[in-house]
Amino acid sequence: MESRRKKVYFIDQTSEGHHHMVFNASMIKILMLIYPDQQIQHYGIVTNQESVKELLGEESINKVNYHQISNPKVKGNNLVKSLNYIRKELIRFLMFYKILSRSNKDDIIFLSITTFTSFYFFKLLKSFYRTKVLAVLHGDIDFIYFPTNGLEKLNAWVHKRIFKRKLPDFKYVLLNKIAKRQLIADGYFKDDELFEIDHPFVFTERGLLLPTQALPVKIGHIGSMEVERKNSHLIYDLAEQLQDKIINKKLIFSVAGLITPGVIPYKNKWVHEVVGNKQPDKPNYLTRAQYELELESLNYCIFFYPQ
């Protein structure tokens, strides 16, 4: 009897459109390299899967099998939206159950993104199965140390409960080389539970076109702009302090990405904005083409992370 082939799952339950498209495509490419004989089972929302396909290109046609996750939308009051959220959580949980119940100890699940509540139930459900799991830790880790509201405090509490449940075949992936030491020192993880990697990136074949002009020097903040976690608003303060250089065309300050509502009160005329926001208070992502064009025009990127 022919032995069953290993299955490799990549799951992103919440990303829509261009959200996390670079990370998802990059990790799928890595999985294709690690498991060249396996077809990657990609579970996600169809709009995000279409964005991921743009970066994966033709090489993925026969190597990635796409499974769509239902993502129902509703309009109405908070009660209607809350009931819809519960419905979507049920969809996510049933999908987890479907995958785990059909898997075995040789399969691998790469859990990229889900809600913190679904993450909790996934870890609980995983206790009954031997499938190997790699779960990515994104920005929610920040809430353990710097929650700013009740929802973030709840998020942190749930994550602590998740981390407290220890499973031998359940590992976590950090997308930086900074947080691991602190998380282990604070008792959230054991050393062998965490893998730390650089954030992966799909490089385009055309390469980078470096700016050639001497002046003005263009300095940009890239990615999402946030006050609490990233101090992104400080680029407006810096530009205002150097407005004479901007007027004399020696400097350009710009932002490329999206602007979260907390940044809006700090905005001024000294910073050029290339953002995907549908409205000032409705953050949205740029297309990949727009984002890359803006990156190519920069001489330097600037960040204002706290300690």
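The values are calculated or read from the model by the stated rules, or taken from the named source; none is laboratory data. These figures come from a predicted structure and were not determined experimentally. When we count neighbours, we look across all protein chains shown, and the Cβ atoms used for this are built from the backbone with ideal geometry, even at glycine. Please note that ligands, DNA and RNA were not included when accessible areas were found on the heavy atoms of the full protein model with its side chains. Shrake-Rupley method; radii C 1.70, N 1.55, O 1.52, S 1.80 Å.
Worth a mention:
- Dipole magnitude (debye, nearest 20) for the chain, charges at Cβ of Lys, Arg, Asp, Glu: 1080
- If the Kirkwood radius is taken over C-alpha pairs of the chain, then at 4 °C and 1.567 mPa s the Stokes-Einstein diffusion coefficient equals 60 µm²/s.
- Calculated over the stretch 1-60: convex hull of Cα atoms, volume per residue (Å³): 84
- A simple count of charges around Ile113, restricted to other residues whose Cβ falls under 13 Å of its Cβ and scoring Lys, Arg +1 and Asp, Glu -1, yields -2.
- Relative contact order [Cα under 8 Å, 6+ residues apart], the stretch 23-109, whole percent: 24
- Globularity index of the stretch 88-198, i.e. its alpha-carbon radius of gyration over 2.2 N^0.38 Å: 1.06
- Label zone at Leu33, where the point sits 7 Å out along the Cα-to-Cβ direction: the stretch 44-73 residues whose backbone N lies under 18 Å: 55-61, 63-64
- For Leu286, distant residues with modelled amide H under 5 Å away: Gly276
- Considering only alpha-carbon pairs that sit under 8 angstrom and 6 or more positions apart, the relative contact order computed for the stretch 67-196 is 20 percent.
- Normalised by the number of residues in the chain, the average gap of Cα pairs under 8 Å and 6 or more apart makes the relative contact order 14 percent.
- With only Cα atoms counted, the stretch 227-275 has Rg and Dmax values of 10.8, 33 Å.
- Taken per residue, the accessible surface of the chain reaches 57 Å², heavy atoms only and a 1.4 Å probe.
- Split the accessible area of the chain by element, probe 1.4 Å, and carbon with sulfur accounts for 56%.
- Comparing the stretch 148-307 with the 2.2 N^0.38 Å rule of thumb, its C-alpha radius of gyration ratio is 1.28 (two decimals).
- Full extension of the chain between Ile184 and Lys278 yields a length gain of 29.8 nm, computed as 0.36 nm times the residue separation minus the alpha carbon distance.
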